[in-house]
Amino acid sequence: MEDFDSFDNLYTEEWLKFIEFTSKLVPKILEKLSFEDQVKMKQLFESSKLGREQIDFMLSNEIIDQEVQSHFEQCKSANDENVSRKNANQALEAMEEGKEFASNCDFYEAINYYNKAILLIHSSSPNFLEQILIERAKILEQLSEYEECLIDIEDAIKISSKTNSDLTQYKEKILQKLSESNLKLRKEFGPQKNRLNIRALNENKQLLGASSLVKINYSPDKGRFIQAQADIPKGTILFAEDAYVKWLKPSEYEKFCYFCMKKLSLRFFSCRTCTSVRFCCSHCEEEAWKKYHSIECNYLGMLKNFSYGHVAVQFLLIAGIETAIEIEKHRVDSTEWLNKEFKQDYDTVASLCTFDGDWKYPYNFTICFAVLHVLRLLETMNLSKREEKEYNNIAYILIRLIKQINLDSFSILNSKFRHLQALNVTSQEAKNEGIGTAVYTSAALLSHSCDPNCMKIHSGSMLIVTSTRKINAGEAVTISYVPHYKRKSFKDRQQFLYENYTFHCRCNACANGWENIGYAFKCPECGGPLILNSDKTNYCIECSAENIISYDNIAKLYQESELCLREGKKLFGENKIDESKELLFKANQILASFYSPNNLIEIDYMLARCCELQNDYKEALNYAKQIIEKQEYVFGESSLELANTLMLCSLLSEKESNEQREAIAFREKAFNIFKTYSNCDIRMVYAEFAHYLPNMIPFMKSF
């Protein structure tokens, strides 16, 4: 499952505005500086790695200090003006409106008003909050949203000042309804969620959130890495780790739980003092409040401007600034950590590697400028003082944390899951947007490979790492830091990894120069695979021809085919099969000039589904058969995506000619693949290729 680059994920709208602001500010500052300081500033920010020298210069320069203070005051003033407060009277009005809509059976509008009431009610009114939760639970029950209803009841019981037997009985009633509802979903993919029901692993005594099947090892060229202690079967969960620090994009505050990153649906639980963020339940609100939100709560309007700076502040709030200062003074070499326990604490975080590359000027100036703003904010929070001797050290720590965030963080994706209980299969959509960033103390040690033996799954803020093939004892456990060799050219992979992670990849795929043939164009000279690089260069693997086609023209073809596919899928969802098929066929024709495009898999698959609905089973079977070889290359010969297509072929064979022998042969191949997952902890499949897996259920006993 492909990840997004966490570096890009931190580029929020607010951070981009801050970058733009500082870029314009740099020449104005230079004009005000003395000639000597102008030269020094340019030298520091153009040729030196970001660290103490730049911070010391900026803190000691009166002109820069004045600019920082001036802009900080503007940000603070804007934050103070935009802070939304709790209001009991407005909460009561919203609740009464909710009751009115509920009495008229306008349940969704009633939910909206109950949500508004919960957002506005202060924690000092627990009885009122309990009443709103119970009223909302009743509406959720009417909508058959039993899981959400149950959360409201449990929160109401928790808040209640006395034992309430009626609420306890209500809870039992909803649990029964939920159980009955789940039984109905056994033979179909269940409702969409962005969380899996997987608990954090506590098997490994050294690595929190890791399996006992792995251990830490060290080599001079790799540093610390994760290694298999024994043979590991395919589909084994090796990491199920909660984030030490988790950061939600400000644009997603109203859509996701601020603590666990669960997608909010019809309901939410509010922060006890602010109206900026939302939580999925009272437990998440309590955890966030205890760890960091009680301090940052009134300053979110400012913190959201600083992106990296906000994440770094959360590190310090969780650990405590004094603790961080003390640990930074006595950091030990990473080799001394081979036998130490990897806890979720600042001591472990301080041992992680930092980004050692160069940021371009004036971006590195922007980072320092933001750090000085954060320092001012810590003063406002009464967590530091300018006259204290450790003031500069806090700035150094913030810079180091930012460099660690850039290197060690993972993007949190809004992953969309559906579960097929009868087969214990979970489907996940292939493309998911990034909603935040997290740092995991144990999983940060995972090595990269362009042909990894594990994949990452994002379940809210939990990171799950599972093996995609057998891993032999002693083998390094690897994930992809984004550029899988089947998706990016060798040249692009090397450039991306060096610019973002400061190393030249020597994995098996790179050592052998493996290229992304699945995205190659057909060479005009010999018909072989012509590899396309993002710098617009291209070369043929077979005849070695170079730069013989226009990259821009090919890019237009790709974009046109993707548009046709996207619109074709949309029309298919609207049951406009003829129009869908027309667009899909057009996309198919556009990609005919490509060598072996991966996009053809989904196009042919959708065409097969269209033909099936039109009762053209012969044509549907032709399209379905064309996919098999490509899926073996892209997903592997024992993938559930391939098993799904084989089940489609089996179904179409029976419908097309009532040919039982061929249908059985396809089914046997599908079940042989499924048998390879018999001992798996988790069975994952891309949702785009999961529609026919439920057809396996009636035949389970015969295999």
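What follows draws every value from the coordinates through simple rules; no lab data is involved. It should be emphasised that the depicted structure is a prediction, and the values quoted were computed from it without experimental measurement. Cβ atoms come from the backbone with ideal geometry, glycine included; neighbour counts cover every protein chain shown.
Laid out as a table, the results:
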{"quantity": "Restraint check, Lys522/Lys570; Lys360/Lys630; Lys234/Lys630; Lys486/Lys655, Cα-Cα greater than 32 Å", "calculated": "Lys360/Lys630; Lys486/Lys655"}
{"quantity": "Relative contact order (percent, whole number), the chain, Cα cutoff 8 Å, 6+ residue spacing", "calculated": "15"}
{"quantity": "Magnitude of the charge dipole, the chain, Cβ model with Lys/Arg +1 and Asp/Glu -1, debye to 20", "calculated": "1200"}
{"quantity": "Burial ordering of Arg506, Arg136, Arg661, Arg667, fewest other beta-carbon atoms within 10 Å first", "calculated": "Arg661, Arg506, Arg667, Arg136"}
{"quantity": "D (Stokes-Einstein, µm²/s), Kirkwood Cα radius, the range 490-540, 0.692 mPa s at 37 °C", "calculated": "277"}
{"quantity": "Interchain or long-range residues, amide H under 5 Å from Thr441's placed H", "calculated": "Tyr244"}
{"quantity": "3J(HN,Hα) from dihedral phi, the range 461-471, Karplus parametrisation 6.51/-1.76/1.60, rounded to Hz, x for glycine, proline", "calculated": "8, 8, 9, 10, 10, 10, 6, 9, 7, 5, 10"}
{"quantity": "Rg/Rh ratio calculated on Cα atoms of the range 117-213 (Kirkwood radius)", "calculated": "1.10"}
{"quantity": "Amide H within-cut-off set for Ile412, under 5 Å, with H built and near neighbours excluded", "calculated": "Ile435, Gly436, Thr437, Ala438"}
{"quantity": "For the range 469-509 and the range 313-331, distance of Cα centres in Å", "calculated": "32"}
{"quantity": "Residue-wise HN-Hα coupling along the range 194-200, computed from phi with Karplus coefficients 6.51, -1.76, 1.60 (Hz; x: Gly, Pro)", "calculated": "10, 9, 9, 7, 10, 7, 4"}
{"quantity": "Between the range 357-371 and the range 654-699, the Cα center-to-center distance that results, in Å", "calculated": "53"}
{"quantity": "Cα-based Lys proximity count in the range 125-192, under 19 Å, for pairs eight or more positions apart or on separate chains", "calculated": "9"}
{"quantity": "Kirkwood Rh in Å, taken over all unlike Cα pairs in the range 555-699", "calculated": "15.7"}
{"quantity": "Contact order normalised by residue count of the range 490-540, Cα under 8 Å, 6+ apart, percent", "calculated": "26"}
{"quantity": "Gain in span if fully extended, Lys570 to Asp65, counting 0.36 nm per residue against the direct Cα distance", "calculated": "176.4 nm"}
{"quantity": "Around Asn615: net Lys/Arg minus Asp/Glu count, Cβ-Cβ under 14 Å", "calculated": "-2"}
{"quantity": "Peptides ranked, highest mean first, by Cβ atoms within 10 Å: ranges 284-294, 545-555, 429-439", "calculated": "429-439, 284-294, 545-555"}
{"quantity": "Mean Cβ neighbour count within 10 Å, used as a protection proxy, ranking 531-542, 635-646 highest first", "calculated": "635-646, 531-542"}
{"quantity": "Amide proton proximity set for Leu238, modelled H, under 5 Å, gap of 5+", "calculated": "Val465, Thr466, Ser467"}
{"quantity": "Kyte-Doolittle mean at least -1.0, axial Cα span of 27 Å or more - DSSP H helices of the chain", "calculated": "13-32, 551-573"}
